[in-house]
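Report on the following structure.
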Amino acid sequence: MDSFIPCCHCLTGNEKNPVPIGTFPAPPYDAFAKRGGRFGAHNLHENLPIPTSFCSDTLIIGSFFNAGVRVYDTTDPYQVQEVAYFVPGAPKLSPAGAIQLNDVFVDERRIVYTMDRFTGGLYILEMNV
């Protein structure tokens, strides 16, 4: 990968003409681009309308393969802030040579579940932001 495509926060008052108003801060390119495996945004925790799912109007939680799990605060949509991240080391026997977190779910207690796509297994974290 030669570049990182930023994620944008858009106003969608008119669905045919979304207006970008902010960019999510990217993980540090130099720290992850050549680390091994995939790098970049992959999956978001969805605000599921069920009692066991964390729902937020301002926090967005995403998985970024070798750049781990990252939490963004969109309270100010013009200045999105990264407020937390978790990047574990490379699992033993990983064919990628780095962590590859590719899914994330947060329950109603703010417990974060994320998993490595190869050999790292399941990580369970407590989100305290």
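Given Arg35, Arg70, which one is at pLDDT 90 or above, in a strand (DSSP E or B) and either under 11 Å from the mean Cα position of the chain (by Cα) or not acidic (Asp, Glu) (or both)?
When all the criteria are applied, what remains is Arg70.
Please verify whether region 30-53 includes one or more residues that are in contact with a strand residue (DSSP E or B) (Cβ under 6 Å, 6 or more places away or on another chain), more than 27 Å from Phe118 (Cβ to Cβ) and in contact (Cβ under 8 Å) with a residue 24 or more places away in the chain.
Among the residues of region 30-53, at least one is in contact with a strand residue (DSSP E or B) (Cβ under 6 Å, 6 or more places away or on another chain), more than 27 Å from Phe118 (Cβ to Cβ) and in contact (Cβ under 8 Å) with a residue 24 or more places away in the chain, which makes the answer yes.
Could you check Tyr85 against (1) under 24 Å from Asn128 (Cα atoms); (2) part of a loop (DSSP other than H, G, I, E, B) and say which number it fails?
(2)
Would you pick out the residues in region 99-123 that are assigned to a loop (DSSP other than H, G, I, E, B) and either among the polar types (S, T, N, Q) or farther than 14 Å from Val69 by Cβ (or both)?
Passing the criteria: Gln100, Glu108, Arg109, Phe118, Thr119, Gly121.
Taking Gly62 and the conditions (1) without any contact (Cβ under 8 Å) to a residue 60 or more places away in the chain; (2) in contact with a Leu (Cβ under 9 Å, 6 or more places away or on another chain); (3) farther than 20 Å from Leu125 by Cβ, which numbered condition does it fall short on, given that it satisfies the others?
(3)
Taking into account only those residues within region 12-50 that are farther than 12 Å from Leu101 by Cβ and of a type in the set (Lys, Arg), which is surrounded by the most Cβ atoms within 10 Å (Cβ to Cβ)?
That would be Arg35.
Could you check region 73-120 and list, in sequence order, the residues that are farther than 22 Å from Phe24 by Cβ and small (Gly, Ala, Ser)?
Within region 73-120, Gly89, Ala90, Ser94, Ala96, Gly97, Gly120 meet the criteria.
Of all residues in region 79-99, how many are of a type outside the set (Gly, Ala, Ser) and in contact with a helix residue (DSSP H, G or I) (Cβ under 9 Å, 6 or more places away or on another chain)?
1
The conditions are (1) under 18 Å from the mean Cα position of the chain (by Cα); (2) under 15 Å from Arg35 (Cα atoms), and Tyr85 fails exactly one of them. Which is it?
For Tyr85, the failing item is (2).
One line per residue, one yes/no per condition, for (1) in contact with a Leu (Cβ under 9 Å, 6 or more places away or on another chain); (2) of a type in the set (Lys, Arg); (3) crowded, with 16+ Cβ neighbours inside 10 Å; (4) at pLDDT 95 or above:
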{"position": "Thr52", "(1), (2), (3), (4)": "no, no, no, yes"}
{"position": "Ser56", "(1), (2), (3), (4)": "no, no, no, yes"}
{"position": "Val80", "(1), (2), (3), (4)": "no, no, yes, no"}
{"position": "Ala96", "(1), (2), (3), (4)": "no, no, yes, no"}
{"position": "Met127", "(1), (2), (3), (4)": "yes, no, yes, yes"}
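The values are calculated or read from the model by the stated rules, or taken from the named source; none is laboratory data. For clarity, every value in this text was computed on a predicted model and none was experimentally measured. Note that we place each Cβ from the backbone using ideal geometry, even for glycine, and neighbour counts take in every protein chain shown.
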